[in-house]
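Accompanying notes for the structure given below.
The values are calculated or read from the model by the stated rules, or taken from the named source; none is laboratory data. It should be emphasised that the depicted structure is a prediction, and the values quoted were computed from it without experimental measurement. Cβ sites come from the backbone with ideal geometry, for glycine too, and all protein chains shown count toward neighbours. What goes into the accessible areas is simple: the full protein's heavy atoms, side chains included, and nothing from ligands, DNA or RNA. Shrake-Rupley method; radii C 1.70, N 1.55, O 1.52, S 1.80 Å.
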Amino acid sequence: MSEPDTYRAVMGSDLFIRELLPGDLPQVLEIERQGYSHPWAETVFRDCFRENYRLWAAWRGDVLVGYAVVAYMFDEAHLLNLCIHPDSRGQGTARLLLRHMLAEASREQMWQVILEVRTSNAVANGLYASEGFEEIGRRPDYYPGASGREDACVMVFRLRH
Ligand SMILES: CC(C)(COP(=O)(O)OP(=O)(O)OC[C@H]1O[C@@H](n2cnc3c(N)ncnc32)[C@H](O)[C@@H]1OP(=O)(O)O)[C@@H](O)C(=O)NCCC(=O)NCCS
């Protein structure tokens, strides 16, 4: 796959995005374990290597620092996972991945992008809102939590109006 210049980061940075490959899963699983209280199992990731999924990896030089998993269903894209290694956060990596997946979804004629995010996840909520996602609803008790269940905020980014 080619790496569009657009998704090489700002001048002076060695951050770039390319397709995630099955061979990247050991690094992905390590980041996943550090990123979530309820991480995906390897089988869940393996199940995402299908025709209607898009998996993207963010690299800083030769180190995989984050990833995004997107499912295409008819004309709608669903962002299922976006995670950045704790040591690489706050450097614009998630924003770059998000913009990349939005551009790819648009290029592939998707109508909109949907995602769920924990209501307590202020950083992710802030990131999505700042990129133009709008809240369209809540799913009560969607996520398991340390002390009971937690609601999901459902957000949409409309690629076509
Ligand atoms: C949420 C997450 C993906 C953000 O990744 P990141 O690479 O650190 O995010 P970015 O550096 O691109 O920052 C994007 C925006 O998030 C917000 N943000 C980032 N770090 C923040 C912090 N520590 N406190 C508050 N806001 C923060 C800011 O609005 C930031 O934009 P700005 O730098 O222009 O102000 C990352 O924290 C993560 O992997 N968390 C664990 C997994 C997760 O929760 N994924 C989302 C599931 S829906």
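For the reader, a short list of remarks on this structure follows.
- Counting only residues that are under 14 Å from VAL156 (Cα atoms) and open to solvent by less than 70 Å² (accessible area, probe 1.4 Å), region 86-125 holds 14 of them.
- Residue check, GLU108 at pLDDT 95 or above and under 15 Å from the mean Cα position of the chain (by Cα): no
- You will find that of ALA41, ALA105, ALA77, the residue that is on the phi < 0 side of the Ramachandran plot and within 15 Å of the ligand (Cβ to nearest atom) is ALA77 and no other.
- Complete set of residues in region 41-64 that are touching a strand residue (DSSP E or B) at 6+ places or on another chain (Cβ under 7 Å) and under 25 Å from GLY92 (Cβ atoms): CYS48, TYR53, ARG54, LEU55, TRP56, ALA57, ALA58, TRP59, ARG60, LEU64
- Restricting the first member to region 114-125 and to residues that are within 6 Å of the ligand (Cβ to nearest atom), and the second to residues that are modelled with pLDDT of 95 or more and not aliphatic (A, V, I, L, M), the beta-carbon pairs closer than 6 Å and six or more apart or on different chains are VAL117/ASN125; VAL117/CYS153.
- Residue satisfying condition, being at positive phi, acidic (Asp, Glu), open to solvent by 70 Å² or more (accessible area, probe 1.4 Å) and over 15 Å from the mean Cα position of the chain (by Cα), within set ASP141, ASP47: ASP141
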